[in-house]
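Engineer: Have a look at this one before I ask anything.
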Amino acid sequence: MIETERLIFRYLKDDDLESVFYNYANDDEVTKYLTWPTHKSLYDTKMIFEFWKKEDEIIKKFHYFLELKNTHELIGSIALASIEKDVPEIGYVIGRKWWNKGIMTEACKKFLEVLFDSGFTRISIKADVENIASNRVIEKCGFKFIKKETVDVPLKNKEILCNYYELDKSEWNK
């Protein structure tokens with residue numbers, strides 16, 4: 001089991017559908033900077049559940065849902081978004097109710113530990129340049145800014161300007 005002081009990292013369960021929808025996926029503010037659109041109904045969330053179940057095995061292995069230890073509420077997720085040339089790119093989401101409490105920084109630091117302990121030697125992440133909070137989390141976790149790049153977001157039918165970061169295991173401070 002993977003856990004931190006406040007969180008349990010776990011895999012998706014079928015009965016998580018409503019928690020994912022109501023705790024973060026249906027909130028326009030939460031999804032504002034994400035690559036996927038706000039879920040308008042439980043059906044949207046059900047469709048993404050089906051997609052997650054079919055993900056590539058390596059991606060699926062590193063797709064964790066974040067549960068608060070004290071309330072057992074599912075509040076977000078952290079996962080590999082992709083792997084390119086043996087460098088995984090991570091992504092995360094957390095419900096607005098839990099913003100600005102250091103929870104995602106805590107989750108991200110633990111996830112980095114899991115990935116490095118699994119044999120990855122470099123990890124990347126992108127964040128919309130306008131997403132100040134996410135860029136702060138990334139920097140607190142030790143990532144180094146590499147460049148700005150325009151990213152195509154097909155599910156939202158737009159392009160966004162992102163900050164691209166990397167973290168090498170040799171430079172990582174737990």
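Engineer: Name the residue, out of 134, 170, 82, that is of a type outside the set (Asp, Glu), touching a strand residue (DSSP E or B) at 6+ places or on another chain (Cβ under 6 Å) and modelled with pLDDT under 95.
Structural biologist: Exactly one of 134, 170, 82 is of a type outside the set (Asp, Glu), touching a strand residue (DSSP E or B) at 6+ places or on another chain (Cβ under 6 Å) and modelled with pLDDT under 95, namely 82.
Engineer: Which one is modelled with the highest pLDDT among residues in segment 54-65 that are within 15 Å of residue 20 (Cα to Cα) and out of contact with any Ser or Thr (no Cβ under 6 Å at 6 or more places or on another chain)?
Structural biologist: 64
Engineer: Given the criteria surrounded by fewer than 18 Cβ atoms within 10 Å (Cβ to Cβ), more than 22 Å from residue 7 (Cα to Cα) and out of contact with any Leu (no Cβ under 9 Å at 6 or more places or on another chain), does residue 58 qualify?
Structural biologist: Here the answer is no, as residue 58 does not meet what is asked.
Engineer: Could you please give the count of residues in segment 93-117 that are assigned to a loop (DSSP other than H, G, I, E, B) and in contact (Cβ under 8 Å) with a residue 40 or more places away in the chain?
Structural biologist: 1
Engineer: So is residue 132 among the hydrophobic types (A, V, I, L, M, F, W, C), free of Cβ contacts under 8 Å to residues at least 12 places away in the same chain and open to solvent by 20 Å² or more (accessible area, probe 1.4 Å) or not?
Structural biologist: yes
Engineer: To continue, here is another question. Can you name the condition, by its number, that residue 133 falls short on among (1) over 20 Å from residue 1 (Cα atoms); (2) part of a strand (DSSP E or B)?
Structural biologist: Looking at each condition in turn, residue 133 falls short on (2).
Engineer: Filter segment 24-43 for residues that are open to solvent by less than 40 Å² (accessible area, probe 1.4 Å) and polar (S, T, N, Q); which is farthest from residue 75 (Cα to Cα)?
Structural biologist: 38
Engineer: Could I ask something else about it? Can you pull out every residue in segment 104-129 that is open to solvent by less than 10 Å² (accessible area, probe 1.4 Å) and either closer than 22 Å to residue 24 by Cβ or not hydroxyl-bearing (Ser, Thr, Tyr) (or both)?
Structural biologist: Of everything in segment 104-129, those that are open to solvent by less than 10 Å² (accessible area, probe 1.4 Å) and either closer than 22 Å to residue 24 by Cβ or not hydroxyl-bearing (Ser, Thr, Tyr) (or both) turn out to be 107, 108, 111, 112, 115, 116, 123, 125, 127.
Engineer: Next question. Among all residue pairs at least 6 apart or on different chains, which show Cβ distances below 6 Å where the first residue, located in segment 161-173, is free of Cβ contacts under 8 Å to residues at least 40 places away in the same chain and open to solvent by less than 90 Å² (accessible area, probe 1.4 Å) and the second is β-branched (Val, Ile, Thr) and not in a strand (DSSP E or B)?
Structural biologist: 161/129; 163/129
The values are calculated or read from the model by the stated rules, or taken from the named source; none is laboratory data. Treat the numbers as computed from the prediction; the structure is a model and nothing was measured. FYI the Cβ positions are ideal-geometry reconstructions off the backbone, even for glycines, and counts take in every protein chain you see. Accessible surface is based on the protein model in full, side chains and every heavy atom, while ligands, DNA and RNA are left aside. Shrake-Rupley method; radii C 1.70, N 1.55, O 1.52, S 1.80 Å.
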